[in-house]
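Comments concern the structure below.
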Amino acid sequence: MPSRKFADGEVVMGRWPGSVLYYEVQVTSYDDVAHLYTVKYKDGTELALKESDIRSQSSFKHRKSQSSSSSPSRRSSSRSRSRSPGRPARGRRRSASQSREHKDDKKKTIQETSLALPVLVLFKLSENNTRRYNGEPESTEKNDTSCIILEQKLKPDLEVKRVLEQYSLRSRKDDKKKEEIYSEKKTLVAVKPIEKVPTKTKELEFGGRIGTFTLIFLLPATVFYLLLMCKQDDPSLLNFPPLPALESLWEGRVFGVFLLWFFLQAVFYLLPIGKVVEGLPLSNGRKLQYRINGIYAFILTAAAIGVLLYFQFELQYLYDHFMQFAVSAAAFSLALSIYVYVRSLKAPEEELAPGGNSGYFIYDFFTGPELNPRIGSFDLKYFCELRPGLIGWVVINLAMLLAEMKIHNLSVPSLSMILVNSFQLLYVVDALWNEEAILTTMDITHDGFGFMLAFGDLVWVPFVYSLQAFYLVGHPTTITWPIAAAITVLNCVGYYIFRSANSQKNNFRRNPADPKLANLKFIPTATGKGLLVTGWWGFVRHPNYLGDIIMALAWSLPCGFNHILPYFYVIYFICLLIHREARDEHHCKQKYGLAWERYCQRVPYRIFPYIY
């Protein structure tokens, strides 16, 4: 096992990935498995570098002295001072000497200018960053005036340098080395993307191995407990429901219906309708393609449900076998999680997720090792994120509405049921209409596809998010029209904050140079991205979470205040978003460094203004 060369805390010179520039960095840790150093730049950026990309500061000083000692001016002074037959007189020699000194000065100027060119580019970027932070216009055009003036100044000097090198007495080997160095220096002006080397996950989330092991059993148990409680006449927390017989939880026909639903949505996903877009760049620079046709799948599903209702198919079957459908979905999500974990064992390292490659079976199984598991062009994570669970949520709500009418002999559904169905239908249609926006979310760009997302998309979303409608079937609640109007206004306010904040963020990520976003100010980062400090994102750091929580409260209010059970969703959602916000804070601080600290100073509140 090779020994490490640099110690933790040692200040060294690290090469910036994709270039030949070296910067002063500090070694923070070393990965014995991948043999990579984690170093921290002065701006707070942390990267993983190979040992070959790190050098000590003393070696840089030594090379500098060597290069200066072997400069052309030194070599010219070591020539013989004996007078050659054709040597001119003293006066002419003086003028020739002055000419040589003038040429040496020219060469020195050219060398200093060529070395200063990358520094000038970096200073220019720093100057633009400062201007952008202060709200001033940025100057990053490719044909910048200062760069053009510099090139014009360099042209005569470069011409003199070419002539001098043509008639110099140095060996061709030295000339070849200088050409290679000069070609490397020219590449410094171009901005290259940073290539991240995937490493083992060091920081474990969700309580590490013990926490993820607990969640694998706790999440299904929570779903089944909530569904059993809703069936109780008195769904109070102290009234624990009796456990059903195990054989009553499983029915082959129900599992077959679930499989039919899943594969029907897969067929809709594969239909060649809708536009194809590219996702965000992966760690290797590659962009995956996604077909945006979720809204078409929803329309086709609505048509299929309409045909079933026309032929007298009773959707109340979902209500009568709701627990069995939940068990079937849980079993399928477990099988899917096992499949994606097994296939990830042979996945290339660059296709693994940043947070699901720890080497611990339970943790990786829960978080998901592979970032974008695909079967051909069929993206499993992207498909499950919106299709079977989210659209299934609307179908379940409709089944609960019809079940309420049949059980209570109603000609029209209750006002509470109408509000719950309408609010949640708007949420799902909005998600499908803005399907492309999901490509910039943390689930797609960071989290792997494992048990957490598989169970969450296929079980938690359709069976927990529909809890209010399921509750209202067995516990009808009457509300007045003024209260219904007030709840509707609350939901509209939450939806407006949620949609406008997400649209602002997604449009900025897609095209920061969009003229429609010219009024937005942002803090630049070392990654090339910007952090918005105006608009909704200058109000709180996660305005979309604030809108989500307001809508969640509006969904629970139609159920009244007799029991806390229908408010489980809003309580859980607040806890979920606070935890996700903490994850975002941690990742952004690592990714953006000092820029994120500036952003937190500008926007001090996380979700709730003046509270949190």
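The values are calculated or read from the model by the stated rules, or taken from the named source; none is laboratory data. Bear in mind the structure is a predicted one, so any value in this text is a computation, not a measurement. We place every Cβ from the backbone using ideal geometry, glycine too, and count neighbours over all the protein chains shown. Just so you know, the surface numbers come from the protein's heavy atoms only, side chains and all, with ligands and any DNA or RNA stripped out. Shrake-Rupley method; radii C 1.70, N 1.55, O 1.52, S 1.80 Å.
Does residue 317 meet the test of being out of contact with any Phe, Trp or Tyr (no Cβ under 9 Å at 6 or more places or on another chain), open to solvent by less than 70 Å² (accessible area, probe 1.4 Å) and farther than 18 Å from residue 268 by Cβ? Judged against the criteria, residue 317 is a match. Just so you know, in segment 425-479 the residues that are within 22 Å of the chain's Cα centre (by Cα) and outside any helix (DSSP H, G or I) include one that is surrounded by the most Cβ atoms within 10 Å (Cβ to Cβ), and it is 449. Within segment 580-594, residues that are surrounded by 15 or more Cβ atoms within 10 Å (Cβ to Cβ) reach partners that are in a helix (DSSP H, G or I) and hydrophobic (A, V, I, L, M, F, W, C) with beta carbons closer than 6 Å, at six or more positions or on different chains, in the pairs 588/596; 589/596. Residues satisfying the criterion are absent from segment 477-490 (criterion: closer than 28 Å to residue 41 by Cα, among the hydroxyl-bearing types (Ser, Thr, Tyr) and in contact with a helix residue (DSSP H, G or I) (Cβ under 7 Å, 6 or more places away or on another chain)).
Of 603, 533, all but one fail to be farther than 23 Å from residue 427 by Cβ, open to solvent by less than 40 Å² (accessible area, probe 1.4 Å) and either modelled with pLDDT under 80 or assigned by the TED database to the domain that holds residue 431 (or both); the exception is 533. Taking (1) hydrophobic (A, V, I, L, M, F, W, C); (2) farther than 30 Å from residue 405 by Cβ; (3) open to solvent by 50 Å² or more (accessible area, probe 1.4 Å); (4) in a helix (DSSP H, G or I) in turn, residue 266 satisfies each apart from (3). Counted as qualifying within segment 287-382 are the helices (runs of 4 or more DSSP H) with 3 or more residues that are closer than 17 Å to residue 263 by Cβ, namely 294-310, 322-344. When segment 461-485 is filtered for residues that are out of contact with any Asp or Glu (no Cβ under 9 Å at 6 or more places or on another chain) and over 26 Å from residue 576 (Cα atoms), the ones remaining, listed by number, are 477, 478, 479, 480, 481, 482, 483, 484, 485.
Just one of the numbered conditions (1) over 25 Å from residue 372 (Cα atoms); (2) aromatic (Phe, Trp, Tyr); (3) in contact (Cβ under 8 Å) with a residue 40 or more places away in the chain is not true of residue 536: (3).
Cβ-Cβ contacts under 6 Å between residues 6 or more apart (or on different chains), taken from a first residue in segment 272-297 that is on the phi > 0 side of the Ramachandran plot and in contact (Cβ under 8 Å) with a residue 12 or more places away in the chain to a second residue that is among the β-branched types (Val, Ile, Thr) and open to solvent by less than 50 Å² (accessible area, probe 1.4 Å), are listed as 274/292.
From the list 307, 267, the one residue that fits, being of a type in the set (Val, Ile, Thr), under 16 Å from residue 389 (Cα atoms) and out of contact with any His (no Cβ under 6 Å at 6 or more places or on another chain), is 267.
All of 416, 422 fail the test of being touching a Pro at 6+ places or on another chain (Cβ under 7 Å) and either in a loop (DSSP other than H, G, I, E, B) or among the polar types (S, T, N, Q) (or both), apart from 416. When 29, 52, 59, 67 are checked against the criterion of being at pLDDT below 50 and either of a type in the set (Ser, Thr, Tyr) or closer than 21 Å to residue 593 by Cα (or both), a single residue qualifies: 67.
I need a count of the residues in segment 480-522 that are in contact with a strand residue (DSSP E or B) (Cβ under 8 Å, 6 or more places away or on another chain) and open to solvent by 40 Å² or more (accessible area, probe 1.4 Å). Residues meeting the conditions: 2.
Checking every residue in segment 220-237 against the condition of being open to solvent by 60 Å² or more (accessible area, probe 1.4 Å), among the acidic types (Asp, Glu) and modelled with pLDDT under 85 gives at least one match. So, residue 272, is that one modelled with pLDDT of 85 or more, open to solvent by 60 Å² or more (accessible area, probe 1.4 Å) and not in a helix (DSSP H, G or I) or not? Taking the combined requirement at face value, the residue satisfies it.
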